[in-house]
Ligand code: BG6
């Protein structure tokens, strides 16, 4: 493509493009995630010829299904959820690689059968016994499945055996607080080595999230200004239009703090704030992320009680349609105190960011689906153009749009043409769609391929997840102290409660979203 230098992160890090031959074993294969994300992602990789021709998928779940029923189900769901045009012929070729294994997580015999089946499969296909175990089960089952795999001789700790490798991928949520995350880490590490464990946060698989590294460290112009001397504050917004949908049984126990802040938003924060890593290797990148998490100024429970804004959506309108309030959603406890919105100010106590507030907000049923990072630079001195009558000038803004209209924009002042000295705030815009004109790979496609290639850069290490929970757990404890008080409400289709506007306005700023 003219004007576009083709250097990929994979080229730089020397990543394998296919991950070689392996069997993907999905636990929880009859569930929602398998249908909505995992199989569409594997099928996408298959269509793009990014999978080795021997890759096979084995679904494992309690529901009784034949191979044929499993395939039929997945054909329907993939057609519905994949963002590619449906290719029936490709599906027919792919479907032959899908098999189903009925089993219960608490029955050792079912895992012994699974092992036999995997051995038979790899023998028949004449491939090494490389196994990627994907835990798409409720998190309460993670330790049990890991133990059963170990007992069945499938975990193969202590390095790759000559016959192949075993790796385990865990979905979120990874724990519900610091203590449960530590326990889960400990339990998993009894059965698998850390380098075999891939804790997913699908935000890290998003192309634009990875672009944060490129933007910051492949350009000379941003890095010198990326600090307290030039940055006034940073905003991270993750806004969704969807409500709780059919996930009330999970979400009502979880809320925005656990569902979005502890993982996705913490990862965005780390990538914006971290120091340049020495290499793009997994440990170098993750070491720098952990340092950011450790430098976060703790928000103790008594400060969290009033300093962290939490709210629930009330009835309102999204895209012109009436939608019910959170408490009226099917499956939600009518007295629920679970937040669907959270906003807070975060301080990073290190040399780079001392004194620079990071404002974070996320919510469901907001007017637009938009995830973006705003870097607002300091105002220019109050002389020349920033003094009356020309000032105050709008400060420079760098906006990184993570989704859906992926891109980057930079606002700066220019002179308006004419005899008078008048300034005009202009925004220069880069749009992925316009420049590259093709779809970005789905986050799960990238992550599955990386896990199969044994690259854990975009996965969360045990100390990282514990550091994130160390920050979030006292906030949760503070919220618990308020459990008798009703949460503020915001109408669905609005930008959240007024308390969130006050949080940022008290410090002389306001929330910003791209037009
Ligand atoms: C999931 C949360 O991890 O991320 C959901 O559990 C949320 O509640 C989703 O809707 C958002 O992901 P995305 O990729 O649509 O921004």
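The values are calculated or read from the model by the stated rules, or taken from the named source; none is laboratory data. Quick caveat, the model's predicted, so the values are computed rather than measured. Note that each Cβ is placed from the backbone with ideal geometry, even for glycine, and that neighbours are counted across all protein chains shown.
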Selection from the range 200-247 of residues that are within 11 Å of the ligand (Cβ to nearest atom) and exposed (fewer than 15 other Cβ atoms within 10 Å of the Cβ): 242, 245
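In contact (Cβ under 8 Å) with a residue 12 or more places away in the chain, closer than 25 Å to residue 443 by Cα and within 16 Å of the ligand (Cβ to nearest atom): is that true of residue 375 in this structure? Steps first, answer last, please.
Numbers: in contact (Cβ under 8 Å) with a residue 12 or more places away in the chain: yes; closer than 25 Å to residue 443 by Cα: yes; within 16 Å of the ligand (Cβ to nearest atom): no.
Against the criterion (in contact (Cβ under 8 Å) with a residue 12 or more places away in the chain, closer than 25 Å to residue 443 by Cα and within 16 Å of the ligand (Cβ to nearest atom)), residue 375 does not qualify.
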Subset tally (residues that are touching a residue at least 24 places away in the same chain (Cβ under 8 Å) and part of a loop (DSSP other than H, G, I, E, B)) for the range 419-449: 6
The range 125-140: number of residues that are at pLDDT 95 or above and in a helix (DSSP H, G or I): 0
Selected residue [buried (at least 22 other Cβ atoms within 10 Å of the Cβ), modelled with pLDDT of 95 or more and either touching a helix residue (DSSP H, G or I) at 6+ places or on another chain (Cβ under 8 Å) or assigned to a loop (DSSP other than H, G, I, E, B) (or both)] from 352, 361, 368: 361
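Which one of these is assigned to a loop (DSSP other than H, G, I, E, B) and buried (at least 17 other Cβ atoms within 10 Å of the Cβ): 45, 74, 51, 24? Even if it seems obvious, please write down each step before you answer.
Values: 45 fails: assigned to a loop (DSSP other than H, G, I, E, B); 74 fails: assigned to a loop (DSSP other than H, G, I, E, B); 24 fails: assigned to a loop (DSSP other than H, G, I, E, B).
The unique qualifying residue is 51.
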Any hit, the range 450-466, residues being under 30 Å from residue 228 (Cα atoms), surrounded by 14 or more Cβ atoms within 10 Å (Cβ to Cβ) and free of Cβ contacts under 8 Å to residues at least 24 places away in the same chain: no
Hits in the range 248-257 - residues which are under 19 Å from the mean Cα position of the chain (by Cα) and surrounded by fewer than 23 Cβ atoms within 10 Å (Cβ to Cβ): 250, 254, 255, 257
Checklist (1) away from the ligand (no atom under 16 Å from the Cβ); (2) free of Cβ contacts under 8 Å to residues at least 40 places away in the same chain; (3) crowded, with 18+ Cβ neighbours inside 10 Å applied to residue 170, failing item: (1)
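Only one residue in 508, 418, 496, 478 is farther than 20 Å from residue 346 by Cβ and over 19 Å from the mean Cα position of the chain (by Cα). Which one? Please lay out each step first, then the result.
On the way: 508 fails: farther than 20 Å from residue 346 by Cβ; 496 fails: farther than 20 Å from residue 346 by Cβ; 478 fails: farther than 20 Å from residue 346 by Cβ.
That would be 418, the only listed residue that is farther than 20 Å from residue 346 by Cβ and over 19 Å from the mean Cα position of the chain (by Cα).
Condition check ((1) under 19 Å from residue 242 (Cβ atoms); (2) away from the ligand (no atom under 15 Å from the Cβ); (3) without any contact (Cβ under 8 Å) to a residue 40 or more places away in the chain; (4) assigned to a loop (DSSP other than H, G, I, E, B)) across all residues:
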site	(1), (2), (3), (4)
267	no, no, no, no
287	no, yes, yes, no
290	no, yes, no, no
299	no, yes, no, yes
304	no, yes, no, no
317	yes, yes, no, no
331	yes, no, no, yes
335	no, yes, yes, yes
